[in-house]
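First the structure, in the form of structure tokens, and then the observations on it.
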Amino acid sequence: MPFATALAVESPLSVADMARAVGQLASGSLQREMELTPKPGLVDQANSGAHHDMDLSTFQASLAAIAPWFPVFFQQGAEGCQIDARAFLSQIRGSGLDCERAMLAATGGVNTHKGSVFSLGLLCAAAGRVFARGEALACDGVAAEVALICADLVQRDMRAPAAACSAGERLYWQYGLKGARGEAQSGFAIARAHGVVPYQRARTNGMDDERALLEALLHLMAHNPDTNLVSRGGASGLRLVQMEARRLLARPCPATHARKAQLAAFDKLLIEHHLSPGGSADLLAVSWFLANLDNIAQP
């Protein structure tokens, strides 16, 4: 059954109807990212990638714990649709922290989806604001709403270099990497340009959803300044991943079995170097969410 059909709800749509549909879309994006195989350096159905503290079952437990929160974010967005965008962020921070706590309780303290809680939580809340104002849900409109909500977020959140204590803060001051905050502040510019566009192009060219996601992942790995990679392997780790992804993309696009063989070899390389492009995995889920947003039945 096509995903759009599975999400269809009868008109007229209530906020509760749309919250459920958008929440299912967010959960579905994480389900697809989780099951996609092979994913270089990442947990998938074949192995745990470069990770030693998590596997597929950890991600499944995490997704079950956080999925009920996505409709909540949408509802909060709808209820707060008239609040100034920058002031609105504080309205959902509490729910975001509660969602993170549910994730950590389900995984025994392992951080599986913190980045996705942040990104998809914002997207669901932004979608609620857009929908409650009577506007259609579409990739660019919802992404732009996130950009308004997160205006100046990097500058507001990042402490002075001497006070930086989180990994994200240290990487910002050491390398200028803005991480998930910067991507949200930009309206998911990298996800849209290097995730949504390659995914949609692959689908237009006749590739199935799985193959289109594999191509999108490669594009994201080639272009995303992934803080997960820098945290694990420094600037050289990031360069290794980007150069290998670009090398594969520079070749003629192979058949699916050949592409999967390339990605399996890439996976082995990253496992050997203890590198995991977790930021690109998060953006892959964001990309699928945005690419399929307008497939939800709307008035």
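The values are calculated or read from the model by the stated rules, or taken from the named source; none is laboratory data. In this text the structure is predicted, and so the values were computed from the model without any measurement. Reconstructed Cβ throughout: ideal geometry from the backbone, glycine too, with neighbour counts over all protein chains shown. To get the accessible areas, we keep the full protein, side chains included, count just its heavy atoms, and leave off ligands, DNA and RNA. Shrake-Rupley method; radii C 1.70, N 1.55, O 1.52, S 1.80 Å.
Structure values in brief
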| quantity | calculated |
| --- | --- |
| Qualifying helices (runs of 4 or more DSSP H) (wholly inside the stretch 82-178; at least 3 residues being free of Cβ contacts under 8 Å to residues at least 24 places away in the same chain and more than 30 Å from residue 239 (Cβ to Cβ)) | 85-107 |
| Residue check for residue 148: among the aliphatic types (A, V, I, L, M) and open to solvent by 50 Å² or more (accessible area, probe 1.4 Å) | yes |
| Residues being open to solvent by 40 Å² or more (accessible area, probe 1.4 Å), in contact (Cβ under 8 Å) with a residue 60 or more places away in the chain and within 19 Å of residue 273 (Cα to Cα) - total across the stretch 188-231 | 1 |
| Candidate set: the stretch 62-80, residues that are surrounded by 18 or more Cβ atoms within 10 Å (Cβ to Cβ) and not in a helix (DSSP H, G or I); chosen: the one nearest to the chain's Cα centre (by Cα) | 67 |
